[in-house]
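Novice: I am attaching a structure below and will ask some questions about it afterwards.
A short reminder: the numbers here are calculations on the coordinates, not readings from a lab. From a predicted model like this one, the values you see are computed outputs, not experimental measurements. Note that we place each Cβ from the backbone using ideal geometry, even for glycine, and neighbour counts take in every protein chain shown.
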Amino acid sequence: MTPVLRVENLGKSFTVHELGKTIRACHGVSMTIMPGEFVGITGRSGSGKSTVLKMIYRTYVPDEGRVLYDSARFGTIDLCETDERSILYLRKREIGYVSQFLNLIPRTTARSTIEEAALDMGRSAPEAREEAEALLSHFELPPELWDSFAATFSGGEKLRLNIARAMVKHPRLLLLDEPTASLDDYSKGKVRDLIERLKGEGTTMLGIFHDLEFMQGLCDREYAMSAGNFTKRADVLAGAAS
Ligand SMILES: Nc1ncnc2c1ncn2[C@@H]1O[C@H](COP(=O)(O)OP(=O)(O)OP(=O)(O)O)[C@@H](O)[C@H]1O
Ligand SMILES: [Mg+2]
């Protein structure tokens, strides 16, 4: 079986000009994710977790290493070298990303935020509408908010909408950066339910979590990160393919 993702020896440093210093965010990061796996990354603040995810999503270009992704459209490609057009296509159709921070589309209602994501995937207008309403209900966003601009939502409501937008796509690969960080336990449970459902549908997921206790029974393997590298090699621990 071809891995969905094969990260090889990724490294990235940042130059902070004000300080005249270079920060090594991560180095020598390697991992392999097979189709349908749900892999977790844990580690302390500043250990480089988001940097790794951003290099996979190509928000950051690494200084070294490769990110081999098995695309439905393009076959296996190195995301570090793929042209911008293909990256935009992949972000639209194959790779979903839930950011650690809120980034909602301005002047767009909650309903259209999700509908547009579904339409991008090629769903029909009635299908998109139905799926959007199902997700808005699942996340218990009050119906009177569905046609309001998300900019006025509370932090937790925005976060739930953010997640719903990524999940409606049923992406081939879903990257989650602490999707439950600022949610109460009840809302976390709602996110967990959807992750479980996506997993049941065979979605491959890589997620950063503060602690994996909440994902117990769902997460297949864990990589623990410290000072820019994995200290616990999940593939070795679990004896899975690498
Ligand atoms: N764009 C950037 N410019 C400069 N430094 C950066 C940048 N992005 C990340 N860093 C630095 O790289 C290191 C790793 O950051 P990263 O965001 O990957 O950590 P993290 O493990 O996700 O932390 P947290 O759990 O707090 O989100 C930090 O020291 C951070 O300051
Ligand atoms: Mg982070």
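Novice: Is there a residue in segment 135-146 that is over 21 Å from Phe101 (Cα atoms), of a type in the set (Asp, Glu) and in contact with an Asp or Glu (Cβ under 6 Å, 6 or more places away or on another chain)?
Specialist: The answer is no, given that none of the residues of segment 135-146 is over 21 Å from Phe101 (Cα atoms), of a type in the set (Asp, Glu) and in contact with an Asp or Glu (Cβ under 6 Å, 6 or more places away or on another chain).
Novice: Can you tell me which condition Glu8 does not meet? The list is (1) within 20 Å of Tyr223 (Cα to Cα); (2) crowded, with 19+ Cβ neighbours inside 10 Å; (3) away from ligand 2 (no atom under 16 Å from the Cβ); (4) touching a residue at least 60 places away in the same chain (Cβ under 8 Å), and all the others hold.
Specialist: If we test Glu8 against (1) within 20 Å of Tyr223 (Cα to Cα); (2) crowded, with 19+ Cβ neighbours inside 10 Å; (3) away from ligand 2 (no atom under 16 Å from the Cβ); (4) touching a residue at least 60 places away in the same chain (Cβ under 8 Å), just (2) comes out false.
Novice: Hey, another quick one. Out of everything in segment 44-60 that is within 9 Å of ligand 2 (Cβ to nearest atom) and not in a helix (DSSP H, G or I), what residue ends up being farthest from Phe14 (Cα to Cα)?
Specialist: Ser45
Novice: For segment 24-76, how many residues are buried (at least 17 other Cβ atoms within 10 Å of the Cβ) and acidic (Asp, Glu)?
Specialist: Total satisfying the criteria: 2.
Residues checked against (1) within 20 Å of Glu178 (Cα to Cα); (2) assigned to a helix (DSSP H, G or I):
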site: Ser112; (1), (2): no, yes
site: Ala117; (1), (2): no, yes
site: Gly122; (1), (2): no, no
site: Pro126; (1), (2): no, yes
site: Glu133; (1), (2): no, yes
site: Asp147; (1), (2): no, no
site: Gly156; (1), (2): yes, yes
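Novice: Please work out which residue is surrounded by the fewest Cβ atoms within 10 Å (Cβ to Cβ), limiting yourself to segment 194-215 and to residues that are within 16 Å of the chain's Cα centre (by Cα), assigned to a helix (DSSP H, G or I) and in contact (Cβ under 8 Å) with a residue 24 or more places away in the chain.
Specialist: This residue is Leu212.
Novice: While we're looking at this one, here's another question. Run Asp70 past the list (1) away from ligand 2 (no atom under 16 Å from the Cβ); (2) over 19 Å from Thr203 (Cβ atoms); (3) out of contact with any His (no Cβ under 8 Å at 6 or more places or on another chain) and report the number of the one that doesn't hold.
Specialist: (2)
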